[in-house]
Every structure is written in C-alpha cells, then in structure tokens.
Amino acid sequence: MRPQHWRVSLLSLALAAASIPIYLHVPTFAATQLGLSLIQIGAILLLIRIIDFVQDPVLGWMADRWAGHTAKFGALALGLLALGCVIVFSVPENGHTALLLTAGLVIAFTGYSLGMILLYGQSAAFAGSGQTDAQLRLAVWRESGILVGVLIGAMAPTLFGVLTDGRDPYAGFGWLIAVLALVAGVAARPLWRLPRAPAEPLDWRSLMRVGGGWLLLLAFVNSLPVAVTSTLFLFFVEDRLALPDLAGPFLILFFLAAGLSAPLWSRLAQALSPRRVLVLPMSLSIISFVGAFALPSGAALAFGVICVASGAALGADMVILAALFSAALARAGMQAGQAFGIWNFSAKATLAIAAGVMLPLLQHFGYTPAVANAPSALQALNVSYALVPCALKLCAIGLVICLPRRAFG
C-alpha cells in the first residue's frame with residue numbers, strides 16, 4: 001500500500017457521505033418535514049444539475065489551469081461541503097424554505113464537485129502510475145472509502161433519530177458531514193503536494209482515440225439505474241414493501257456488499273479484462289431489479305438478499321469504470337481535472353434526471369409519500385423502482401459490448 005492510500009480513502013469517505021445520501025434523504029426530508037411537494041423537490045434537484053452543467057467543467061478547467069493552488073482548492077471544496085450540508089438540513093419551514101434549501105444544495109454540491117474533481121483528477125499521482133493495474137489498486141481504496149461514506153451517510157439520520165427520539169434527526173446528519181469534511185481536509189493536505197507528471201490540456205480527439213468517449217457515455221447510462229433506485233429507495237421500502245423500520249438495515253446490507261465486493265471485482269478485472277468482467281455485475285443488477293418487482297409486501301428476507309446482490313454489482317461499477325477512465329487519460333497524456341469535471345457532472349446529472357423525471361411522474365400517477373396509496377399508485381412506484389432501471393441496465397450492457405477491444409481487451 002502506498003502511504004497516501006489511507007488519506008485517499010478518508011477523503012473519499014467524507015465526500016461520499018454527502019453524495020448519494022443527500023439524494024436518498026432530501027426527498028423524504030423536504031416532503032415530510034419541510035412540506036414541499038414532489039414536483040417542487042424534483043424541480044430543485046433538476047435546477048442543481050443545470051447549474052452543474054456549467055459549473056463542473058469550469059471547476060475542472062480551474063483545477064488544471066491553477067494546478068499550483070491545488071491545496072487551496074482542496075480546502076475550499078471541503079469547507080463549502082461542510083457549510084452547505086449544515087444549511088440544507090437546518091432549513092426552517094417558512095416562506096423561504098425552497099429558496100434556502102436550493103442555496104444550501106448549491107453550496108454543498110459545489111464543494112462536492114470540486115472535491116471529486118481533485119480526487120479523481122490526481123489519480124495518477126495518488127497511484128504512482130497511470131497504468132490500468134495501478135489505477136485498479138488505487139480504486140479499491142478510493143471506492144471503498146466512497147462506499148463506507150455512503151453507508152455512514154445513509155444510516156446516520158436513522159441513528160440520530162434514535163438518539164433524539166425522532167425530534168430532529170437531519171440536523172445532526174448535516175453537522176456530521178461537516179465534521180467529516182473538516183477532518184478529511186486536514187488529512188488530505190499531503191496528497192495535494194504529491195508530484196504529478198507533465199500533461200497536456202484536454203484534447204477530445206486524443207481522448208476519443210483511447211476510448212474515453214465510450215467510457216463517458218457508458219458511465220452516464222450505467223449510472224441512471226442507480227440514480228433511479230437511490231431516489232426512490234426510501235419510498236419503495238416504506239410504502240411498497242411496508243417495511244419502514246428496515247430501511248436503514250437494508251441500506252447497510254447494500255453498501256456493505258458493495259464495499260466488500262470491490263476488491264474482488266478489482267482482482268478479477270486485473271486477471272481477466274475489465275471489459276469482460278463488467279457484464280457480470282450488470283447482469284446481476286438486472287436479476288435483482290426483476291426480483292424486486294416481483295416481491296410481495298412485507299418480503300423482508302427476500303429484499304435483503306436483493307440488496308446484497310445489487311450492492312455487489314455496484315461495487316464492480318464503481319471500481320472498474322473510473323479506473324478505466326483514469327488509465328485512458330494517462331495513455332493520452334492529458335490533464336485530468338477538466339475531464340473528471342465532465343465525468344463528475346455526468347454522474348450527478350443522472351441523479352437530477354431521476355429526481356426531475358421520476359418524482360413528478362409518480363405524483364402524476366397519484367403516489368404520495370407516507371400515506372395510504374391506491375394500488376395503481378403503488379404499482380407505478382413498483383415499475384419506476386424496478387423495471388425502469390432494468391431497461392436502462394440493458395442499454396449499459398450493450399455499450400459494454402461495443403467498447404473498443406484494442407483499448408479495453
């Protein structure tokens with residue numbers, strides 16, 4: 001293990017605690033505690049991603065243009081993340097609720113975006129090499145940290161709810177992320193001083209020649225199913241399965257399976273080829289989605305098995321795809337900041353699309369969170385949570401099959 005790998009893992013953990021967990025909790029938090037409608041929530045999350053459309057590539061360009069100030073960018077990223085998360089989960093219910101929630105999310109996700117761009121953009125320096133095998137080894141530490149962070153973020157409101165007797169679980173969650181961000185900011189300072197190999201500015205034609213364009217498209221399509229299920233997970237467990245008390249344990253199972261499986265997928269990808277290995281977890285995801293669709297209400301054990309299977313599939317996606325993209329950038333000899341700005345925006349855009357499309361659609365079909373819903377509304381939730389991701393994952397498998405063999409084996 002290189003000395004900086006634990007620092008990479010801790011930085012990843014802090015950033016991840018505010019990524020998917022925010023999309024897991026904000027819809028429920030905003031609907032049940034702030035009184036916002038699903039259409040309002042979907043519009044806010046979609047607006048955040050519209051801002052990211054402009055912002056993320058610019059942040060990546062800045063990281064490349066002023067590479068000598070990386071340490072300052074890192075401190076700024078984690079400071080913004082801490083401030084934004086405190087604001088988001090301390091928003092009062094009044095006439096300015098939607099505006100304050102939007103402002104907090106913009107601040108939090110600006111910090112998150114800049115942090116993730118720095119984390120992935122310096123992968124070659126962190127790994128000591130741009131070779132695929134070195135990137136896969138680094139990816140195990142980075143993505144395991146991400147998955148642990150997501151796990152902490154996913155279960156934290158439930159734990160704070162127990163500690164506060166359900167009075168205000170989300171305020172504690174916001175402060176927890178802030179503390180993690182500040183601790184990681186201190187631990188990550190030596191990372192920003194690691195030497196980086198000279199690299200050329202982003203050149204799209206060179207990136208396309210080494211397969212970077214295919215990977216960007218694949219990452220976008222492959223992230224859509226996870227975005228849909230992340231957005232609808234709590235609604236599915238609480239209203240479709242009628243198991244609200246088990247939402248936290250299910251999330252723990254899911255992310256533990258992802259974290260524990262990540263090293264295994266990495267070794268398998270090194271032994272065979274990443275391109276061939278990717279089809280296996282994607283197929284496992286499809287089986288899981290179909291299984292979730294067929295579950296009866298109250299099927300706790302069966303859904304637990306599905307969480308383990310789908311979590312293991314996610315572990316492979318997170319480890320392999322980012323490592324391949326880092327290796328492609330290294331082969332092309334290009335700076336990674338702007339490229340990962342686009343990569344980062346692509347991943348977050350899927351969450352916005354899921355929220356902006358699926359939440360209003362569910363409201364159109366009569367679904368309302370945390371109330372007694374008609375069978376037709378629950379069926380709409382069932383189709384949205386299970387079958388829509390299944391179709392999207394089939395598209396991702398098609399793209400894997402079409403990956404250039406010369407670049408990815």
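The values are calculated or read from the model by the stated rules, or taken from the named source; none is laboratory data. Not measured: the values here are computed from a predicted model. Ideal geometry is used to build each Cβ from the backbone, glycine not excepted, and the neighbour counts take in all protein chains shown.
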Please work out which one of (1) at pLDDT 80 or above; (2) touching a helix residue (DSSP H, G or I) at 6+ places or on another chain (Cβ under 8 Å); (3) under 23 Å from residue 349 (Cα atoms) is the condition residue 90 fails and give its number.
-> (3)
Quick one: would you say residue 103 is in a helix (DSSP H, G or I) and crowded, with 21+ Cβ neighbours inside 10 Å?
-> no
When residues of segment 231-268 are filtered for being in contact with a Leu (Cβ under 6 Å, 6 or more places away or on another chain) and among the small types (Gly, Ala, Ser), how many remain?
-> 4
Output the qualifying pairs, or none if there are none: Cβ atoms under 6 angstrom, residues six or more apart or on different chains, first residue in segment 5-28 and among the β-branched types (Val, Ile, Thr), second residue part of a helix (DSSP H, G or I).
-> 8/126; 8/141; 8/142; 20/150; 20/230; 28/234
Here are some conditions: (1) in contact (Cβ under 8 Å) with a residue 60 or more places away in the chain; (2) surrounded by fewer than 23 Cβ atoms within 10 Å (Cβ to Cβ); (3) more than 20 Å from the chain's Cα centre (by Cα). Residue 152 meets all but one. Which one does it not meet?
-> (3)
Which residue pairs have Cβ atoms under 8 Å apart, sit 6 or more places apart or on different chains, and have a first residue in segment 90-103 that is hydroxyl-bearing (Ser, Thr, Tyr) and a second that is in a loop (DSSP other than H, G, I, E, B)?
-> 97/34; 97/35; 97/36; 97/91
In segment 76-99, how many are of a type in the set (A, V, I, L, M, F, W, C), more than 21 Å from residue 42 (Cβ to Cβ) and surrounded by fewer than 16 Cβ atoms within 10 Å (Cβ to Cβ)?
-> 0
Of 302, 257, 262, which residue is assigned to a helix (DSSP H, G or I), in contact with a Gly (Cβ under 9 Å, 6 or more places away or on another chain) and surrounded by fewer than 20 Cβ atoms within 10 Å (Cβ to Cβ)?
-> 302
Residues of segment 61-98 satisfying the condition of being in a helix (DSSP H, G or I) and among the small types (Gly, Ala, Ser) | 63, 67, 68, 71, 74, 75, 77, 79, 82, 84, 98
If you check 273, 285, which single one turns out to be in contact (Cβ under 8 Å) with a residue 12 or more places away in the chain, under 18 Å from residue 391 (Cα atoms) and among the hydroxyl-bearing types (Ser, Thr, Tyr)?
-> 285
Of the listed residues (185, 213), the one being at pLDDT 90 or above and within 20 Å of residue 60 (Cα to Cα) is 185
Within segment 202-251, considering residues that are assigned to a helix (DSSP H, G or I) and in contact with a strand residue (DSSP E or B) (Cβ under 8 Å, 6 or more places away or on another chain), the one farthest from residue 283 (Cα to Cα) = 206
Positions within segment 155-174 being outside any helix (DSSP H, G or I) and either over 26 Å from the mean Cα position of the chain (by Cα) or of a type outside the set (D, E, K, R) (or both), in sequence order = 164, 165, 166, 167
Determine which single condition residue 120 fails, assuming it passes every other condition in (1) buried (at least 16 other Cβ atoms within 10 Å of the Cβ); (2) farther than 25 Å from residue 320 by Cα; (3) in contact with a Ser or Thr (Cβ under 8 Å, 6 or more places away or on another chain).
-> (2)
Just one of the numbered conditions (1) more than 16 Å from the chain's Cα centre (by Cα); (2) surrounded by fewer than 24 Cβ atoms within 10 Å (Cβ to Cβ); (3) at pLDDT below 90; (4) not polar (S, T, N, Q) is not true of residue 328; which one?
-> (2)
